[in-house]
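Notes for the one structure printed next.
The values are calculated or read from the model by the stated rules, or taken from the named source; none is laboratory data. None of the values given here were measured: they were computed from a predicted structure. FYI the Cβ positions are ideal-geometry reconstructions off the backbone, even for glycines, and counts take in every protein chain you see.
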Amino acid sequence: MAGSVERAGHLATRSHRLTIALLAGLVVVLVAGGASAVAVSRHEQRSSADGTIGRTTQSTAGPSATAPRPTSSGRTRHSDSPAPASAAPTVAASAPASSVVASSPQPQSDPSTAPAGPSNNLTVMMSPAVRAHPRSQEVQQLLQSYFDAINQHDYASWTQSVTGALAARQNNQQWLLAYATTVDSSIWMQSMSDDPLEVQMRFTSQQDADLAPSDLQVACIHWSLIYQFSTEDGHLVVGSTIQGSVKYVKCAGQ
């Protein structure tokens, strides 16, 4: 009888000790969990302060990375972003830029639609359709001044042939850097329209490849675009290109 009482007391003591051990372990787990929660909370606060939580992925490039790259011809600095005609799978690399906007081959009787330069001819030429326009001579003289200024790298003359808004987009140093190696040739006025006055142009530019458009870095490019014109201080001036009209393709052999 005494032995049974002793064993019962011994079991009660072991049960009491086990209960204390379990309670102690539970306290340790709770304390550790609370510390982890605090650590996670603090990490989220730091991450939120750094802008890495709750924000969609954005470019880490600075403002200069989004600015248009200067090109030797300056065409990409106009009001629209030209799409390279070479991206069209049906256009051969040697085709003139004007073929990009035509669904069928152009008649070769008109030199302005024949395969483009480059050439030694820096004169602005007119197609028969343009020559019949009553303002063709006036516009041709203005465009000749415009392209002469580019080919001669004459910023002052260039600013006199373009709108004030266009001239204000770049200073002398920026413009000279962009046009440093440019030679425009085989320049054609292909068509003209009124209200507003616009001219469809085609020409070939030669330049250092690293000064060409960033998506077509070659030394020779055929261009097709539409210039719009306006009058400032009583004089006709060249404005920016028509949005979506600028197309370009590399010359043959590039």
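Of all residues in region 122-136, none that is touching a residue at least 40 places away in the same chain (Cβ under 8 Å) has its Cβ atom under 7 Å from the Cβ atom of a residue that is of a type in the set (Gly, Ala, Ser) and in a loop (DSSP other than H, G, I, E, B), 6 or more apart or on another chain. Residues of region 101-118 that are assigned to a loop (DSSP other than H, G, I, E, B), at pLDDT 50 or above, of a type outside the set (A, V, I, L, M) and surrounded by 11 or more Cβ atoms within 10 Å (Cβ to Cβ): Asp110, Pro115, Gly117, Pro118. Can Leu177 be described as assigned by TED's automatic domain parsing to the domain that holds Ser112, closer than 20 Å to Val249 by Cβ and either in contact (Cβ under 8 Å) with a residue 24 or more places away in the chain or among the acidic types (Asp, Glu) (or both)? When the stated conditions are applied, Leu177 does not pass them.
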